[in-house]
Amino acid sequence: MALVAAAFGFVIVRSGSRDDDYSAITVRGYLIRRWWFLFLCAAGVLVTLWSLIPYPLQAGSVGAPRAIDVVGRQWSWDIASRSARVGESVSFRVTSADVNHGFALYGPDDQILAQTQAMPGYVNELNVTFEQPGLYRVLCLEYCGVAHHAMIAEITVTEGS
Ligand code: CUA
């Protein structure tokens, strides 16, 4: 703190004696500083605007995903389509016919990719882009009765145009 205070004191004392400030070098310094300031303002505005662009537009995938309706019920999944292609974007529209279920999508490596609630009276949209071929599984993640563990469905993702 003493060092910082000393530095401030030094600057304050020195700032009183500016007699030959407008040398060519000083003018040039002010000019550079002004352009640097304007550059930082412009960069700040651009970065802020970029951050406001929705992620799908940033990623370039503007096309609407394919909608697949999903209904969970005790104790099965009713999935309108159980196949997709690699690279395809799908919007699962998930609801429930009875109680709350948990719609969870697992990849071919059995890692969970995405999940949402399946709720009676609501439709939750879950957007997924399939990045590798294989057998994907849907499991229920919300305890929903004696056969909760049996709520398993499969989705096949194939290479293709
Ligand atoms: Cu459905 Cu647990």
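The values are calculated or read from the model by the stated rules, or taken from the named source; none is laboratory data. Keep in mind it's a predicted model, so treat the numbers as computed, not measured. Please note: Cβ atoms are built from the backbone with ideal geometry, for glycine as well, and neighbour counts cover all protein chains shown. Surface areas here come from the heavy atoms of the whole protein model, side chains and all, with no ligands, DNA or RNA. Shrake-Rupley method; radii C 1.70, N 1.55, O 1.52, S 1.80 Å.
Counting the residues of region 122-135 that are of a type outside the set (Gly, Ala, Ser), more than 16 Å from the ligand (Cβ to nearest atom) and part of a strand (DSSP E or B) gives 5.
One residue stands out in region 62-80 among those that are in contact (Cβ under 8 Å) with a residue 40 or more places away in the chain and under 17 Å from residue 126 (Cβ atoms): the one that is most open to solvent (accessible area, probe 1.4 Å), namely 65. Scanning region 136-157 for residues that are open to solvent by less than 80 Å² (accessible area, probe 1.4 Å) and either away from the ligand (no atom under 16 Å from the Cβ) or among the acidic types (Asp, Glu) (or both) turns up 136, 142, 155, 156, 157. Scan region 109-117 and give yes if some residue there is open to solvent by less than 40 Å² (accessible area, probe 1.4 Å) and either more than 20 Å from residue 67 (Cβ to Cβ) or away from the ligand (no atom under 15 Å from the Cβ) (or both), otherwise no. Taking every residue of region 109-117 in turn, at least one turns out to be open to solvent by less than 40 Å² (accessible area, probe 1.4 Å) and either more than 20 Å from residue 67 (Cβ to Cβ) or away from the ligand (no atom under 15 Å from the Cβ) (or both). Of all the residues in region 83-103, those that are more than 10 Å from residue 124 (Cβ to Cβ), open to solvent by 10 Å² or more (accessible area, probe 1.4 Å) and β-branched (Val, Ile, Thr) number 2. Quick one: in region 81-102, which of the residues that are of a type in the set (A, V, I, L, M) and modelled with pLDDT under 95 is farthest from the chain's Cα centre (by Cα)? Per the criteria, the residue is 84.
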